Amino acid sequence: MERIQIGAVSLEVLTAGEGPPLLFLHGGDYFLQNRDFIEKLARHWRVIVPRHPGFGQSERPDGFRTVHDLAYLYLDLLERQDLRNVMLVGSSLGGWIALEMCVRCVERIGCLALIDALGVKFGGREERDIADIYALPGDELLRRTFFDPRRAVPDYARLDDAEATAIVRDRAATALYGWRPYMHNPGLRQWLHRVRVLALVLWGDNDGIVAPGYGEKLYRSLPDAKFELIREAGHYPQIERPDEVVDAIERFARAEVLR
Amino acid sequence: MKVWHFSEMAYHPAWPQLGDSYRVIIPSRLYDPKIGADLYHRYLDEWALCDELGINIMTNEHHATATCSDSVCTIPMAILARETKKVRLLALGMPIGNRSDPIRVAEEYATIDVISRGRLEMGFVRGVPFEISPANTNPAELTERFWEAHDLILKAMTSLDGPFNWEGRHFHYRQVNVWPRPYQQPHPPVWTPVGSPESAIEAAARGMVIGVLNTGWVRTPAIFEAYRSKAREVGREPTPDRLAYMALIGVGETHEEGRRRADQILGYSRTSGIVAPQFANPPGYVSPRAAAQMLKAGGAMGARATRVQTKDGRPINPRTMSVDEAIDAGLSFAGTPDDVFDQLRAFYNHVGGFGHLLMMGQGGLLNHEETVTNLTLFSKSVLPRVGELAG
């Protein structure tokens with residue numbers, strides 16, 4: 001396992017490929033299921049995939065409690081590695097982190113791709129924009145998360161202790177960062193005009209965690225964004241349809257260069 | 001040894017209408033407040049009777065459940081603080097990691113302590129995992145919040161010179177100044193329920209009284225031993241009054257009568273764990289090591305199912321547990337007064353002694369008359385003998 005050091009914080013990291021830099025910020029669960037997606041991205045980019053603090057075997061400094069901390073950490077990463085014109089890609093929770101980075105500083109970010117991102121509250125106080133994954137029965141949660149759960153979900157009984165521990169740490173850290181307010185920052189929406197980069201908002205057409213309608217509201221809230229549905233995919237389209245998602249990001253990046 | 005009568009004040013009339021969850025998601029239209037009022041009054045009457053019987057009183061709380069209609073443990077205690085005159089009042093207790101305002105907890109407890117003229121014993125509980133959703137507290141921070149609230153409450157009760165500042169991780173006040181201050185000085189005795197040697201060690205380090213619930217013959221000795229060992233290590237003599245054990249107790253004139261009462265009280269054990277699985281293990285609630293084992297075993301329910309065991313280590317299904325199994329497991333003492341005393345003594349000797357017997361003298365469907373008889377018979381025929389137990 002590789003590690004990446006950002007100041008005092010040591011994170012587990014996957015890196016692959018050559019070319020312009022791409023930082024992929026993963027979602028709350030199914031980290032290892034992103035491998036295929038990452039390999040396909042690596043044909044076009046130098047891909048950096050840190051496992052967030054508290055996740056997997058990444059340490060979490062005691063003071064890291066919010067998505068704000070993660071956003072500053074990854075802005076530090078871009079600075080310390082002197083990465084420029086970065087393609088920033090965020091899935092689910094990672095999309096929220098990416099948005100929090102962009103409202104702070106887009107200096108080193110070239111383009112933003114959000115995949116079924118969380119983090120923004122659009123509905124009223126009695127409307128639930130984001131399904132309560134902690135209150136859904138297990139089988140319904142899987143049906144809402146994946147277009148085809150049988151293909152995407154690992155057989156947990158076959159994991160070794162280290163793999164199982166990494167997954168439960170992912171889930172505990174997701175709860176830590178996202179429990180309340182639930183998977184969003186109430187103040188984020190009012191600052192979305194600061195996301196001053198071209199953004200691509202991708203959404204699984206079968207996402208039952210955050211419906212495509214949320215994605216449409218999100219892309220309309222950004223200064224300069226496009227919206228694209230990924231067919232036959234749930235909350236993690238890059239896991240279920242890696243070719244389509246990589247293709248969409250690659251087309252988007254190429255169009256941006258030509259602009 | 002002190003004996004305490006405990007009931008969860010079950011709202012059992014709804015039980016036949018509940019499916020595979022008795023908690024969290026059940027609609028409150030299944031609660032009939034007219035029946036509920038009758039139930040509250042009868043449970044309070046049973047506790048009030050304890051004042052005459054020489055049995056101390058214990059309440060607890062759970063939320064969004066028909067297994068326990070006491071959702072604020074200090075409310076029945078506030079009533080009983082005035083209605084009783086002699087016995088001690090144990091709230092075991094307040095889920096301080098889930099309450100948003102520890103100062104309010106300090107005020108509630110201090111008020112009860114003063115009204116009862118110093119009879120309160122205050123319990124601080126972390127709460128079972130399915131209390132997380134009703135409170136919507138972050139499970140990954142629960143333990144940390146629990147200890148911060150604990151420290152703040154005790155400081156608030158013992159600071160007598162005006163406001164102090166508290167800017168912690170989870171709680172923020174600039175003028176902490178609790179009125180009234182407690183009747184007992186420096187503060188009422190502090191209890192916490194524990195279910196593992198690890199949590200017993202944390203309690204021992206702070207000199208808290210531990211209430212051990214539903215751990216039985218197999219799991220209790222290691223918990224008590226961990227407590228005693230840690231207490232000695234930090235220079236505190238682990239006197240028996242630091243240790244409490246809960247048992248479901250059915251006393252009768254005959255073996256059959258006592259066991260029949262215990263069988264009804266066991267309605268508590270048979271329903272208590274029935275909860276929709278998604279609420280049984282919120283992420284971060286248990287250690288990564290324990291959570292990893294649950295993940296591989298297909299969830300928390302499997303892990304919970306093996307918690308109750310016979311003396312020889314055979315798992316017992318808590319939902320269908322018989323009286324014989326419960327007695328074998330050390331969860332219940334039942335039969336004639338002699339039976340109950342003999343079972344209690346055997347358990348007492350097996351675990352190395354303890355100073356408090358938390359007697360669930362009412363549970364499940366056991367009705368008022370039966371409960372009164374159960375408590376009265378215990379008071380008359382078992383209570384006088386508990387002094388015979390060593391220690």
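From the set of residues in segment A:148-167 that are among the small types (Gly, Ala, Ser) and surrounded by fewer than 16 Cβ atoms within 10 Å (Cβ to Cβ), which is farthest from A:Arg241 (Cα to Cα)?
Start the filter on segment A:148-167 by keeping residues that are among the small types (Gly, Ala, Ser), which leaves A:152, A:157, A:162, A:164, A:166.
Those left that are additionally surrounded by fewer than 16 Cβ atoms within 10 Å (Cβ to Cβ): A:157, A:162.
Details: A:Ala157: 25, A:Ala162: 28 Å.
My answer is A:Ala162.
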> Any idea how many residues of segment B:15-68 are over 19 Å from B:Gly363 (Cβ atoms) and touching an Asp or Glu at 6+ places or on another chain (Cβ under 6 Å)?
Replying inline: 0
> Would a scan of segment B:18-35 turn up a residue that is more than 25 Å from B:Gln278 (Cβ to Cβ), in contact (Cβ under 8 Å) with a residue 40 or more places away in the chain and surrounded by 15 or more Cβ atoms within 10 Å (Cβ to Cβ)?
Replying inline: no
> Somewhere in segment B:138-149, is a residue touching a helix residue (DSSP H, G or I) at 6+ places or on another chain (Cβ under 8 Å), within 14 Å of another protein chain (Cβ to nearest Cβ) and of a type in the set (S, T, N, Q)?
Replying inline: yes
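Quick one: which residue in A:Tyr177, A:Tyr134 is among the hydroxyl-bearing types (Ser, Thr, Tyr) and either part of a loop (DSSP other than H, G, I, E, B) or out of contact with any Leu (no Cβ under 9 Å at 6 or more places or on another chain) (or both)? Spell out the reasoning first.
Values: A:Tyr177 fails: either part of a loop (DSSP other than H, G, I, E, B) or out of contact with any Leu (no Cβ under 9 Å at 6 or more places or on another chain) (or both).
None of the others qualify; the one that does is A:Tyr134.
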> Scanning for something at pLDDT below 95 and either buried (at least 20 other Cβ atoms within 10 Å of the Cβ) or part of a helix (DSSP H, G or I) (or both), does segment B:379-389 turn up at least one residue?
Replying inline: yes
>> Being touching a residue at least 40 places away in the same chain (Cβ under 8 Å) and of a type in the set (A, V, I, L, M, F, W, C) is true for just one of B:Val251, B:Val234. Which residue is that?
In response: B:Val251
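Inspect segment B:285-296 for any residue being farther than 30 Å from A:Asp160 by Cβ, in contact (Cβ under 8 Å) with a residue 12 or more places away in the chain and within 20 Å of the chain's Cα centre (by Cα) and give the result as yes or no.
Narrowing segment B:285-296 to residues farther than 30 Å from A:Asp160 by Cβ: none.
Checking segment B:285-296: not a single residue is farther than 30 Å from A:Asp160 by Cβ, in contact (Cβ under 8 Å) with a residue 12 or more places away in the chain and within 20 Å of the chain's Cα centre (by Cα).
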> Given B:Gly353, B:Gly364, which one is more than 14 Å from chain A (Cβ to nearest Cβ), buried (at least 20 other Cβ atoms within 10 Å of the Cβ) and not charged (D, E, K, R)?
Replying inline: B:Gly364
> Looking at (1) out of contact with any strand residue (DSSP E or B) (no Cβ under 9 Å at 6 or more places or on another chain); (2) surrounded by 22 or more Cβ atoms within 10 Å (Cβ to Cβ); (3) over 20 Å from A:Tyr177 (Cα atoms), which is the only condition A:Ile48 fails?
Replying inline: (1)
>> For A:Gln190, only one of the following conditions fails: (1) over 28 Å from B:Glu141 (Cα atoms); (2) in contact (Cβ under 8 Å) with a residue 40 or more places away in the chain. What is its number?
In response: (2)
> Hey, does segment B:4-15 have a residue that's more than 29 Å from B:Ser381 (Cα to Cα), out of contact with any Cys (no Cβ under 8 Å at 6 or more places or on another chain) and of a type in the set (S, T, N, Q)?
Replying inline: no
>> Between a residue in segment B:341-365 that is in contact (Cβ under 8 Å) with a residue 60 or more places away in the chain and any residue that is of a type in the set (S, T, N, Q), which pairs come within a Cβ distance under 6 Å, given they are 6 or more apart or on different chains?
In response: B:Val351/B:Thr220; B:Gly361/B:Asn374; B:Gln362/B:Ser7; B:Gln362/B:Thr371; B:Gly364/B:Gln264; B:Leu365/B:Gln264
>> Within segment B:206-299, considering only helices (runs of 4 or more DSSP H) that don't extend past its boundaries, which have at least 1 residues that are within 14 Å of chain A (Cβ to nearest Cβ) and out of contact with any strand residue (DSSP E or B) (no Cβ under 8 Å at 6 or more places or on another chain)?
In response: B:288-296
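Yes/no matrix, rows are residues, columns are (1) over 17 Å from A:His235 (Cα atoms); (2) of a type in the set (A, V, I, L, M); (3) buried (at least 17 other Cβ atoms within 10 Å of the Cβ):
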{"position": "A:Arg169", "(1), (2), (3)": "yes, no, yes"}
{"position": "A:Val197", "(1), (2), (3)": "yes, yes, yes"}
{"position": "A:Val201", "(1), (2), (3)": "no, yes, yes"}
{"position": "A:Asn206", "(1), (2), (3)": "no, no, yes"}
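Suppose we filter segment B:98-148 for residues that are outside any helix (DSSP H, G or I) and more than 19 Å from the chain's Cα centre (by Cα); how many remain?
Qualifying residue count, segment B:98-148: 8.
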> Which residues, taken from segment A:114-158, are within 7 Å of chain B (Cβ to nearest Cβ) and of a type in the set (Phe, Trp, Tyr)?
Replying inline: A:Tyr134, A:Tyr156
>> So B:Trp166 passes all but one of these: (1) more than 14 Å from chain A (Cβ to nearest Cβ); (2) crowded, with 18+ Cβ neighbours inside 10 Å; (3) touching a residue at least 24 places away in the same chain (Cβ under 8 Å). Which condition number does it fail?
In response: (3)
> Which ones in segment A:159-182 are under 27 Å from B:Ala135 (Cα atoms), without any contact (Cβ under 8 Å) to a residue 24 or more places away in the chain and either more than 8 Å from every other protein chain (Cβ to nearest Cβ) or in contact with a Lys or Arg (Cβ under 6 Å, 6 or more places away or on another chain) (or both)?
Replying inline: none
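The values are calculated or read from the model by the stated rules, or taken from the named source; none is laboratory data. Predicted, not measured: the structure shown is a model, and the values here were computed from it. Cβ atoms come from the backbone with ideal geometry, glycine included; neighbour counts cover every protein chain shown.
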